[in-house]
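Chemist: Below is one structure. I have some questions about it.
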Amino acid sequence: MKGLNLSKIKKAHFVGIGGIGVSAIARMMLAEGKIVSGSDSSNSLITKELEKLGAKIFSGHSADNVAENVDLVVYTPAVDFENPELKKGKKLKIPTLSYPEMLGLISKDKYTIAVSGAHGKTTTTAMIGKILMDAKYDPTIIVGSLLKDQKSNFVAGKGNHLVVEACEYKKSFLNLNPKIIVITNIDNDHLDYYKKLENIKKAFGEFAAKLDGNGFLVCDPNDENLKDVIKKTRANITDYAKTNNNFSLKIPGQHNIKNAQAAMAVARILGIDDKKSLKSLNDFSGTWRRFEYKGETKNGIIVYDDYGHHPTEIKAMLKGAREFFGDKKIWCVFQPHLYSRTKLLLNDFGRSFSDADEIILADIYAARELKDESINSKMLAEEITKNGGKAVYMESFDKIAEFLAENTKKGDVVITMGAGDIFKVGENLLKN
């Protein structure tokens, strides 16, 4: 919204405040001393933390949640325009912005480093953020997960740099005003919106075109999916694959080495010494729900959790886990995310679990979609089995936890995976 002065906002209301992105903006406003309220369909770790910081949280959506003296309504792109709080905001003529539009406003006044890509953007954003914090740049960081050291998805910096995770869904990243763009990779995700890979590449091309001749595009220019994208930019192209890869990372996997290379390439552009960057990266312990160590049960079962929900992510994560754990038995408990993604990428999913010894599938997490009877987790189990995997479907988290408790042995590794609430299985296992 042109002409909106964020410094004059005293009271803001957030629709979908429990979302990882929206909650970061809410934290920012709380840190600035503004009055914050917000609603979500259910309470979570994120909403509880916001309450501790002083936000007023409503469970469920209602027009009554929006006070008449609110100066700004911010909403997640996941909400429907028929949402009663959005309608009330519009009726009261309160400025109403989506989360991506808010990011755009914030990025206008900062030297913005936008990290995009189908996979790895959360980890890469967090890595760049850590390098800049360690180098005393005092950056503002907005990331799509919780940073381990800060236990937050937002870091309020006083410096001029903004490090932000740039999401491609519905072309959200086009709202940003970056000086440096990182593209980790491009893959066939969000097909419920984009329909085909060519459309995704076009969106990334539009994003790269936002950079001027003084900007920097950090990517792997030899990646087949990026060849058309880099033609669209006037910026200086930096090949992250040419940076140092002599890391001793705490987090496993070749994919994380690539993330670290991209982070180091950004640090070089900013003039940060390689030795300092290397130390920061080797000290980096990961983020929430990205190969996150959850604990060990009384019986010696090791529990990890990961947000991976696309075939490429799953394959890379399990490959990294196999390298990390050697010949330990790996149980992967997977909750597919979205009917459309599961259906469109069924064959790819079927080939993604080869590094797990046993795969247990929960029901599909619908998120923003209505139930689709033409696809289910039993079908995915059959597809994995067809490709040589050992997969079973179970209809409840309780049954999965019970099955694991009865069938796992000391030294086994259980990895819960998915973008929904599958992490609860691991937490229940540790509790019981």
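Chemist: Once the dipole of the chain is set up with Lys and Arg at +1 and Asp and Glu at -1 on Cβ about the Cα centre, which of 44, 216, 321 lies farthest towards its positive end?
Modeler: My answer, from the dipole projection, is 216.
Chemist: Which order, highest average first, do 378-385, 9-16 follow once you tally other Cβ atoms within 10 Å for each residue and take the mean per peptide?
Modeler: Details: 378-385: 18.8, 9-16: 22.0.
Ranked from most to least packed, the peptides come out as 9-16, 378-385.
Chemist: State the answer as a single residue: which of 297, 396, 346 lies farthest towards the positive end of the charge dipole of the range 288-432, with beta carbon charges of +1 for Lys and Arg and -1 for Asp and Glu, about the Cα centre.
Modeler: My answer, from the dipole projection, is 297.
Chemist: Right, something else. Give the shape of the range 187-272 as rounded, prolate or oblate, defined through the alpha-carbon gyration tensor: a ≥ b ≥ c are the square roots of its eigenvalues, a/c under 1.5 means rounded, and otherwise the shape is prolate if a/b is larger than b/c and oblate if not.
Modeler: Oblate is the answer for the range 187-272, as a/c is 1.5 or above yet b/c matches or exceeds a/b.
Chemist: Indicate, rounded to the nearest 5 percent, the antiparallel portion of the DSSP beta bridges found entirely in the range 93-249.
Modeler: 15 percent
Chemist: In addition: Can you give the Kirkwood hydrodynamic radius of the range 68-189 from its Cα pairs, in Å with one decimal?
Modeler: 15.4 Å
Chemist: Calculate I(q)/I(0) for the range 280-346 by the Debye formula, one identical point scatterer on each C-alpha and no solvent, and give its log10 at q = 0.26 Å⁻¹ to two decimals.
Modeler: The calculated log intensity ratios at q = 0.26 Å⁻¹ are -1.29.
Chemist: Which value, in debye to the nearest 20, describes the size of the charge dipole of the chain about its Cα centre when Lys and Arg Cβ atoms bear +1, Asp and Glu Cβ atoms bear -1, and nothing else is charged? Present the calculation step by step, with values, prior to reporting the outcome.
Modeler: Numbers: 63 positive and 55 negative charges, 264 e Å.
In total the dipole reaches around 1260 debye.
Chemist: Once both labels are modelled 7 Å past Cα along the beta-carbon direction, what's the residue 212-residue 32 spacing in nm?
Modeler: 2.5 nm
Chemist: Follow-up question, since we're still on this one. Can you compute the charge dipole magnitude of the range 1-143 about its Cα centre, using +1 on each Lys and Arg Cβ and -1 on each Asp and Glu Cβ, nothing else charged? Give it in debye, rounded to the nearest 20.
Modeler: The dipole of the range 1-143 has a size of about 320 debye.
Chemist: Taking K and R as +1 and D and E as -1, what net charge do the other residues with C-beta under 14 Å from the C-beta of residue 160 add up to? Each step should come with its number before you reach the end.
Modeler: Working: positive: 108, 110, 136, 158, 179; negative: 109, 138.
Neighbourhood net charge equals +3.
Chemist: Would you rank 337, 310 by solvent-accessible area, highest first, keeping every protein chain in place and using a 1.4 Å probe?
Modeler: 337, 310
Chemist: Can you tell me what share of the DSSP beta bridges in the range 274-432 is antiparallel? A percent to the nearest 5 is fine.
Modeler: Expressed as a percentage, antiparallel bridges in the range 274-432 total about 20.
Chemist: Going toward the positive end of the dipole of the range 1-150, with +1 on Lys and Arg Cβ and -1 on Asp and Glu Cβ, which of 117, 62, 103 do you reach last?
Modeler: About the Cα centre, the residue reaching furthest to the positive side is 103.
Chemist: Taking 24 Å as the cut-off for C-alpha to C-alpha distance, list the pairs among 11/91; 329/424; 298/319; 48/399; 10/121 that go past it.
Modeler: 298/319; 48/399; 10/121
Chemist: Taking a label point 7 Å from the Cα of residue 366 along the Cα→Cβ vector, which residues of the range 336-356 have an amide N closer than 17 Å to it?
Modeler: Inside the label zone: 336-343.
Chemist: Rounded, prolate or oblate: which fits the range 348-432, taking a ≥ b ≥ c as square roots of the Cα gyration tensor eigenvalues, rounded meaning a/c under 1.5, else prolate when a/b beats b/c?
Modeler: Oblate is the answer for the range 348-432, as a/c is 1.5 or above yet b/c matches or exceeds a/b.
The values are calculated or read from the model by the stated rules, or taken from the named source; none is laboratory data. Just so you know, these numbers come straight off a predicted model, no measurement behind them. Every residue, glycine among them, receives a Cβ derived from its backbone with ideal geometry; neighbour counts consider all protein chains shown. Calculation scope for accessible area: heavy atoms of the full protein, side chains included, ligands and nucleic acids excluded. Shrake-Rupley method; radii C 1.70, N 1.55, O 1.52, S 1.80 Å.
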